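Everything below concerns the one structure shown next.
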Amino acid sequence: MDRQIRRLGITFVVLFAMLFVQVAYVQVFAADRIANQPGNFARQLRAEYQTQRGRILAADGSPLAESVEAPEGAVYRFERRYPEGTLFGHVTGYYSRVYGRSGLEQSMNAYLSGTAAEFTASNLTDLILGRPKVGGSVFTTILPRLQVVAAEALGSQRGAVVAIDPSTGDLLAFWSNPGYDPNRLVEGTNDDMRAAWEELNADPEKPLLSKASQELYLPGSTFKLVTASAALQNGYGPEEEWPNPRILDLPTTDDDLENFGGSLCNGGSKTVTMAEAFEESCNVTFGEIALELDADRFSAQAFDYGACPTLPPDRTDCDDPAIAFSLPFENGRFPEPSYFDQREPALAYSGVGLDNVLMNPLHMALVTSAIANGGAMMAPRLVTEVRDAQGRQVREFGPDELGRPVSTATAEAMRQMMVSVVETGTGTAAQISGVTVAGKTGTATNGEGRPPNAWFTAFAPAGGTQTPGIVVTVIVLDGGDLGNEATGGRVAAPVAKAVIEAYLGV
């Protein structure tokens, strides 16, 4: 009798083991293959909406995206909602039964849907106990109050604002105008969603694309952060003297380069130091510096800051970008040295952020963050952790250092020059009483007949013994409210100032 009971017990253990293996295989290893079979799409969609999808939460725990019970009689049990609408549209993305997923809804889908490997044990427990499956909650670094300030400071002007903690890479605010309300792509009938989709895609302002991270622009003089870094890294100090002509006659061409408004730098003296030229944003001097550096050293510095190489004539090598992000992101661009072989004047233009140099506010914020952080560039971080329905942490995302594009000494020299820009140079509109702010202005050409794009990037507090807590980068497109009269100092700097003040509680 004992032998028979033992055999029966072993049989049950084997059967339970086989069941466990089968469930694990179907839910984890074969899930994608099964789900992607063409005949399973409608079934998979209905199954997805039978599960309560996890929430996307701000740093303070407030919901940016959540699932709610659908009205009785609806085909799908749950519906996705975005309580703040447009304010966080480019952060959350959308989760639409017609148009799929974007933003964090896409990159964190496995966690939000509860299908990630980390949920295997809890899913099996839910199955055995008959509990409904619930997706995981994704916690972000976004500060809602700062996002509101960024949106209000930019106002109706087209552009973007990015705020980062330079020591961790945490994204504190991420605003792009115009934005879009993801609720329009998830609510109502399929025809309602299609109408919204067609309207958004027909809009020439491209509201579905984030101007903070998905589009690229000439950075203008904000790129002098990279040019000055290259000079400092290669032994040219802040007090190095450079010739100070009104116009820089460029080699091998009839083109020339002049300062903003055709002015002379440093009161018209015969020479100017790099620090003085940086403070006044002198194009002539930085064109000279770029030519002196040569293409190899200049390109190397840009690549160290994460730019993707552009190759002659028009190809881009971004198959393995230096910077990854949980939202769609276009790395900045800078030419390979060979691009300048027959285009030596282009090297001078690149020194002032023109020609074939492209950046967006997120990438420029990362460059600024490396300087603020003593030379260490942190990866941009938007998600800190994922928790299951019982509040247990199932995944943590820690800060990640991408590298050190500049030395500590170079970062310190850059800090001092950026402080001078705000104290007495082109960025005085960013001054905050009682707070040392370091910044750099930029005013970039934007196509013939169009007003310039205005840039400003800054960090604070920036006193010598203080630890910077925030980096803010702003772009205002087509001159914003000032049109052709716009400069980075007049249009973009006040926006950055408002965000810094809000963060520091000034």
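FYI, it's all coordinate maths here, none of it is from the lab. Quick caveat, the model's predicted, so the values are computed rather than measured. Reconstructed Cβ throughout: ideal geometry from the backbone, glycine too, with neighbour counts over all protein chains shown.
Given the C-alpha centroids of region 107-136 and region 399-465, what is the distance between them in whole angstrom?
Using only Cα atoms, the two centres lie 45 Å from each other.
Label-point separation (nm) for residue 11 and residue 318, each offset 7 Å from Cα along Cα-to-Cβ?
Roughly 6.3 nm, to one decimal.
In nm, to one decimal, how far is the residue 249 label point from the residue 126 one, both placed 7 Å along Cα→Cβ?
7.5 nm
Before anything else, pin down the relative contact order of region 179-236: Cα pairs under 8 Å, at least 6 apart, normalised by residue count, whole percent. Could you put the intermediate results ahead of the total?
Details: 22 pairs, mean separation 13.3, N = 58.
For region 179-236, the relative contact order is 23 percent.
What are the ³J(HN,Hα) couplings of region 270-280, residue after residue, when phi is run through the Karplus curve with 6.51, -1.76, 1.60 and θ = phi - 60°? Round to Hz, x for glycine and proline.
5, 10, 8, 7, 4, 4, 5, 5, 5, 4, 8
In the chain, if the dipole is taken from +1 on Lys/Arg beta carbons and -1 on Asp/Glu beta carbons about the Cα centre, which of 367, 62, 286 is farthest to the positive end?
The Cα lying farthest towards the positive end belongs to 62.
So for the chain, taking the charge dipole from beta-carbon charges (+1 Lys/Arg, -1 Asp/Glu), which of 306, 263, 78 sits furthest toward the positive end?
Positive-end residue among those listed: 78.
Each residue of region 490-504 in order: what ³J(HN,Hα) in whole Hz does its phi give by Karplus 6.51 cos²θ - 1.76 cosθ + 1.60, θ = phi - 60°, with x for Gly and Pro?
Per residue, the Karplus-derived 3J(HN,Hα) values read 8, 9, 8, 4, x, 5, 4, 4, 4, 5, 4, 4, 5, 5, 7 Hz.
Determine the calculated [θ] at 222 nm for the chain from helices alone, applying -39500 (n - 2.57) to every DSSP H run no shorter than 4 residues and normalising by the residue count; nearest 500 deg cm²/dmol.
-10000 deg cm²/dmol, from helical runs alone.
Calculated FRET efficiency, residue 397 and residue 467, Cβ-Cβ r, R0 22 Å, to nearest 0.05? Don't jump to the answer; show the numbers that get you there.
Details: r = 22 Å, r/R0 = 1.02.
Taking R0 as 22 Å, the efficiency between residue 397 and residue 467 is 0.45.
To check you understand DSSP bridge types, tell me what percent of the beta bridges within the chain (both residues inside) are antiparallel, rounded to 5.
Just about 90 percent of them are antiparallel.
Can you list which of the GluC sites (Glu not before Pro) found in region 402-505 are DSSP loop residues with at most 16 other C-beta atoms within 10 Å?
Sparse-neighbourhood loop GluC sites (Glu not before Pro): 448.
If the cut-off is 26 Å between C-alpha atoms, which lysines fall inside it for residue 224, apart from same-chain ones fewer than 8 positions away?
211, 270, 440, 497
Rounded to the nearest 20 debye, what is the charge dipole size of the chain about its Cα centre when +1 sits on each Lys and Arg Cβ and -1 on each Asp and Glu Cβ?
Values: 38 positive and 61 negative charges, 553 e Å.
So the dipole magnitude of the chain works out to roughly 2660 debye.
Under a 5 Å amide H to amide H cut-off, with H placed in plane at 1.01 Å, what residues pair with residue 470 once short-range neighbours are removed?
When sequence neighbours closer than 5 places are left aside, the close amide H contacts are 460.
What percent does the relative contact order of region 363-506 come to when contacts are Cα pairs within less than 8 Å and at least six residues apart?
20 percent
If contacts are Cα pairs under 8 angstrom and at least 6 residues apart, what is the relative contact order of the chain in percent?
15 percent
Quick one: of the DSSP bridges fully inside region 57-168, what percent are antiparallel, nearest 5?
90 percent
Using 0.36 nm per residue, how much length does the chain from residue 191 to residue 152 gain when fully extended, once their Cα-Cα distance is taken away?
The span from residue 191 to residue 152 would gain 10.7 nm if fully extended.
Once semi-axes √(5λ) of the Cα gyration tensor in Å is worked out from the coordinates, which option in (1) 50, 24, 21; (2) 65, 22, 21; (3) 51, 28, 22 does it equal?
The calculated read-out lines up with (1).
Which listed residue (11, 154, 503) has the Cα farthest towards the positive end of the charge dipole for the chain, taking +1 on Lys and Arg C-beta and -1 on Asp and Glu C-beta about the Cα centre?
Toward the positive end, the furthest listed residue is 11.
Taking DSSP loops as anything outside H, G, I, E and B, show the longest stretch in the chain free of trypsin sites (Lys or Arg not before Pro) there with at most 12 other beta carbons within 10 Å.
Details: sites that count: 270, 392.
Answer from the scan: 1-269.
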